[in-house]
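Comments concern the structure below.
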Amino acid sequence: MNLRIGNGYDIHQLVSGRRLILGGVEIPHHLGLLGHSDADVLTHAIMDAMLGALSLGDIGHYFPPTDPQWKDADSLKLLAQVNQLILSKGWRISNLDSVIVAERPKLKPHLPAMRDRLAEVLQVNVDQVGIKATTNEKLGPVGREEGIAAHAVVLLQD
Ligand code: MG
């Protein structure tokens, strides 16, 4: 069995008038993430980790923000496409682990729903999808609630 590992990072600005979608789950909050797509920062970090594991570049290459077809795109649909790409090359997810960094809102109650959604799209078991949430201890732009960031590591096996 061969293994490949990849990591991904993303950050989006928090603004009013946008929905907050993380891991495909809409979370009630007075601010949402700004971006060309639905700005699902967690899903973007996971996609970059999957692509990175196979040295396939990043999501900006496959879904450029300049392309109008990705405007307000459901990031889970993009994730399904990245998963198909990985599967077509003979690889599958062994497991992934991720961290969302957000000062507010409290994300812990929403993590099980995010894991369910991502596992469903990736066609893996829920126990292969790790999602954690932490604050930035009020430090920096994330700590000032100007944005939400996410980190992900994905292990692929053939
Ligand atoms: Mg992004």
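Laboratory data are not the source of any read-out in this text; all were calculated from the coordinates shown. All values derive from a computational prediction rather than experimental measurement. In this analysis, Cβ positions are derived from the backbone assuming ideal geometry, glycine residues included, and neighbour counts consider all displayed protein chains.
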> In angstroms, what radius of gyration and Dmax does region 3-157 have, counting Cα atoms only?
Replying inline: 14.5, 43
> From the residues Q123, V99, L79, which one has its Cα farthest along the dipole of region 58-137 in the positive direction, the dipole being from +1 and -1 charges on Cβ of Lys/Arg and Asp/Glu about the Cα centre?
Replying inline: Q123
> Going down the table (K77/K132; K106/K138; K77/K138), which pairs top 24 Å between alpha carbons?
Replying inline: K77/K138
>> As I understand it, the value is the acute angle between the Cα axis of helix 111-122 and the longest principal axis of the Cα atoms of the chain; what does it come to in degrees, rounded to 10?
In response: 30
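Return a whole-number percent for the relative contact order of region 3-157, with Cα pairs under 8 Å and 6 or more residues apart as the contact set.
On the way: 350 pairs, mean separation 52.8, N = 155.
Once divided by the residue count of region 3-157, the mean separation gives 34 percent.
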>> Between K132 and M1, what is the label-point separation in nm under the 7 Å Cα-to-beta-carbon projection?
In response: 2.3
>> Run lengths n ≥ 4 of DSSP H only: what is the helix-derived mean residue ellipticity at 222 nm for the chain, with -39500 (n - 2.57) per run over all residues, to the nearest 500?
In response: -8500 deg cm²/dmol
